1. Calculated from DSSP H runs of 4 or more alone, at -39500 (n - 2.57) each and per residue, what is the 222 nm mean residue ellipticity of the chain, nearest 500?
2. Mind checking which lysines have their Cα closer than 25 Å to the Cα of LYS51? Skip sequence neighbours fewer than 8 apart in that chain.
3. Rounded to the nearest 0.05, what FRET efficiency is calculated for ASP8 and SER36 with R0 set to 30 Å and r the Cβ-Cβ distance?
4. Between ASP83 and ILE20, how high is the FRET efficiency from 1/(1 + (r/R0)^6) when r is the Cβ-Cβ distance and R₀ = 25 Å? Nearest 0.05.
5. What ³J(HN,Hα) values, in whole Hz, does the Karplus curve 6.51 cos²θ - 1.76 cosθ + 1.60 give for the stretch 75-80 when θ = phi - 60°, with x put for Gly and Pro?
6. List every residue whose amide H lies under 5 Å from the amide H of ILE3, counting only residues 5 or more places away in sequence or on a different chain, with H placed 1.01 Å from N in the peptide plane.
7. Is the C-alpha gyration tensor of the chain telling us rounded, prolate or oblate? Criteria: a/c under 1.5 is rounded; beyond that, a/b larger than b/c is prolate, otherwise oblate.
Amino acid sequence: MEIMKLDDIIKTPNKGIILIGTNIGLDKQDHTNLKSLIGSKIQVDKVDGTKCELDVLDISLSFSIANLPLIGISVKDSENIKDIKKGTQVVQLLDG
């Protein structure tokens, strides 16, 4: 499942690493499903073309002035963070 397009990565002292992005196709029904990502893994592309997995610690959802969803995903710190490609799709990894 596509979660969002990655717009930015920030490091905060109290929340750690946060991936910030948007998903214009996300409807109101999907918003409640985002919290179910906590404790799961997501996958993002790295600049070298490979993919990396990150552990989701928390999800934050807000809305822009244009009423578009802004998604913040707090992830466990990883050495892969510096190699993540902005503009890539963030997807949920499915068990199985």
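A short reminder: the numbers here are calculations on the coordinates, not readings from a lab. Quick caveat: nothing in here was measured; it's all calculated off a predicted structure. Neighbour counts run over all protein chains shown; Cβ positions are idealised from the backbone, glycine included.
1. Numbers: 1 runs with 7 residues, N = 96.
Computed mean residue ellipticity for the chain: -2000 deg cm²/dmol.
2. Of all the lysines, those that pass the test against LYS51 - Cα under 25 Å, at least 8 places apart if same chain - are LYS5, LYS11, LYS15, LYS35, LYS41, LYS76, LYS82, LYS85, LYS86.
3. Details: r = 24 Å, r/R0 = 0.78.
The calculated FRET efficiency here is 0.80.
4. Working: r = 17 Å, r/R0 = 0.69.
So the FRET efficiency works out to roughly 0.90.
5. Running phi through 6.51 cos²θ - 1.76 cosθ + 1.60 with θ = phi - 60° gives 10, 5, 4, 8, 5, 6 Hz.
6. Amide H to amide H, under 5 Å and 5 or more residues apart or across chains, ILE3 pairs with VAL90, VAL91, GLN92.
7. Numbers: a/c = 1.43, a/b = 1.33, b/c = 1.08.
Note, shape of the chain comes out rounded.
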